[in-house]
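Read through the structure below, which is laid out as structure tokens, and then see the notes.
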Amino acid sequence: MGEGSFRACPTARAERSLPHSGRFSPLPQPHFPFRRPMSGVSSPADRPPSVVPPRRPPAVAPENARSAMRTPPRMLSVSRAALTLAAALGLATAATAQPPPAVPAQYPNIAMPLPLGAQRGTTLELVLTGSNLANPTAVWTTIPGAKVTIPTDMNNGKDNARLKVVLEVPKDAPVGAYSLRLATAQGPSNLRLFCVDDLPQVVSDGKNKSKTAAQALPVPCVVAGTVTAETSDWYKITAQAGQRLSLDLLGRRLGAPLDAQMAVLDARNGKEVAFSNDALGLQTDPRLTHTFKEAGEYLIEIRDVLHRGGADYAYRLRVGDFPCAITPVPMAARRGSTVPVQFAGTMLDNVPPVAVTVPANPATDTVWVAPKGANGLHGWPVALVVSDFDEAVEQEPNNESAKATRVPVPGGITGRFQDRGDIDHFVLPLKKGRYTIQAHTIELNSPAEVYMTLKDAKGADQLKSDPQKPPVLDFTAPADGDYTLVVEHLLNSFGPAESYRITVEPYEPGFTVPLLLDRFAVPQGSVGVIGI
């Protein structure tokens, strides 16, 4: 079994979790993930990392196929018992709409931390900027074993706009993105994401705004930079003939408004040899893998597609021969189990599976798993959903009903559209009653678009998903028996990254309670009111 890293993500601590049932919130992505690449189109900017718009607008479903909405971000799923209690208390009654409360003016607000990460096993002096930063009491981070100190020299901690902190990252900290908050005497700050990497870190010198001033980079490395308006950042690398490199830029995935595009040019003649904009499954971040035919010097250009820029237009560009995963396979695993996790994506040749022990802790909803190449370099981690029921992986060939893969009910299964015309068949042993059958893709960072058809034992169609709505079937089985679920790619696409997860569960009613603020301050020994 491979040695790729993984880490659990408890809901209350990591602030980057997924619900653990069949009804999912999107991953805490800072911007709306496009259904397909859309060059030159940017998502709404400056949205905080913890806020995600729904995947698609809710719609009224037909009578025989009511579509179950995905739980919006920062929602609390409530059981049938809680629904009954709420109704009894009169809390379910619609009230006059009130504007959401504002964050208290005295709370601190931190801008994008620069640089946006650190190499594990190093100590970094980090300067936080923003407002109301004076009188700090602590810096909270979810980096395991990290130590953060706030120096008191040079009047540090007295300036409302600037604060210096020292962050020590352990050598064994898993690669990935973590949350960071500042606490002051006035309250908690907004959340920012901060990376831990195993690649050597380089900080952009800020002078690399032309080809002739391109900043030289070692290979491998990760470079931390910031795009300014109407300019490009230029870097140069030296490649050998036949050398394969991946370039993975993290911007939107870390909460930046940057809609980046990336080009690789031959320094000798200026010819473009590789390009990426809005890579699949990466929230419009670019990523590419290129094998250089000739040895020599090559230029890398980074810019915003709309030529925007500013202090928050930050990025981290990873350069090296590392694997590039989109999702884990399986995409979910049962709580308390140990599973071998493989990966969907590119640059995954000879990448061994990672043995993941899924925590039994009910607060853990996500485990982040990083693929590890033969050279020891990690790719960026992907999210493994923690499930409360059995999870399986499709068994090929299953392109016809006679070879259908059996799915546990309740349960989930991961599949992929790897070949042209791939159509997957699954057998669902259902008891008489109502079920929710749902496909999960975009909210789990997969680019796949799923179309489902449910057939009875005689092959007659029972229900089909609506291409204009979330891929959900609300089906009532008239009798016990085996039903066949046919899963196709809505756009007839295929490839190593086109993965999906199907969940089958007995129907359970419920409602959601949105939290109107992402931070609260309650003095010790006091009582606080949380608006919902």
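What follows is calculated from the coordinates using simple rules that are stated; it is not laboratory data. Please read these numbers as outputs of a predicted model, since none were measured by experiment. Here Cβ is always computed from backbone atoms with ideal geometry, including for glycine, and neighbour counts include all displayed protein chains.
Worth pointing out:
- Pair-distance distribution P(r) for segment 237-284, from all Cα-Cα distances in 5 Å bins starting at 0: 5, 16, 26, 21, 15, 13, 5, 1 percent.
- Average silhouette area of segment 201-321, convex hull of alpha-carbon atoms, in square nanometres: 6.6 nm²
- Gained length - ARG335 relative to GLU297, 0.36 nm times residue gap less alpha-carbon distance: 8.8 nm
- Once you divide the Cα radius of gyration of segment 109-196 by 2.2 N^0.38 Å, the number left is 1.01.
- Packing here is the average count of other Cβ atoms within 10 Å per residue, and on that basis the peptides 166-174, 299-307, highest first, run 299-307, 166-174.
- Length-normalised contact order of segment 109-196 in % [C-alpha pairs under 8 Å, at least 6 apart]: 37 percent
- Using a cut-off of 31 Å between Cα atoms, the listed pairs LYS403/LYS469; LYS211/LYS293; LYS372/LYS455; LYS164/LYS209; LYS147/LYS372 include LYS372/LYS455 as exceeding that distance.
- Under the Karplus curve 6.51 cos²θ - 1.76 cosθ + 1.60, θ = phi - 60°, whole-Hz ³J(HN,Hα) for segment 108-121, x wherever Gly or Pro sits: x, 9, 10, 7, 4, x, 10, x, 7, x, 8, 7, 5, x
- Point-to-point label distance, VAL273-ALA105, nm (Cα→Cβ direction, 7 Å offset): 5.7 nm
- Scoring 469-478, 353-362 by mean Cβ neighbours within 10 Å over their residues and listing the highest first yields 469-478, 353-362.
- Rounded to whole numbers, the Karplus 3J(HN,Hα) couplings from phi for segment 130-142 are x, 9, 6, 8, 5, 6, x, 10, 5, 10, 9, 9, 9 Hz, using 6.51 cos²θ - 1.76 cosθ + 1.60 with θ = phi - 60°, and x at Gly and Pro.
- Cut-off under 5 Å, modelled amide H: who pairs with GLN215 long-range: TRP234, TYR235, LYS236
- Counted by Cβ distance under 12 Å from PRO362, the other residues give a net charge of -1, where Lys and Arg count +1 and Asp and Glu count -1.
- Burial order of peptide ranges 208-218, 185-195, 418-428 (average beta-carbon count within 10 Å, highest first): 185-195, 418-428, 208-218
- Rounded FRET efficiency, nearest 0.05, which uses the C-beta distance separating ASP172 from THR137 and R0 of 25 Å: 0.35
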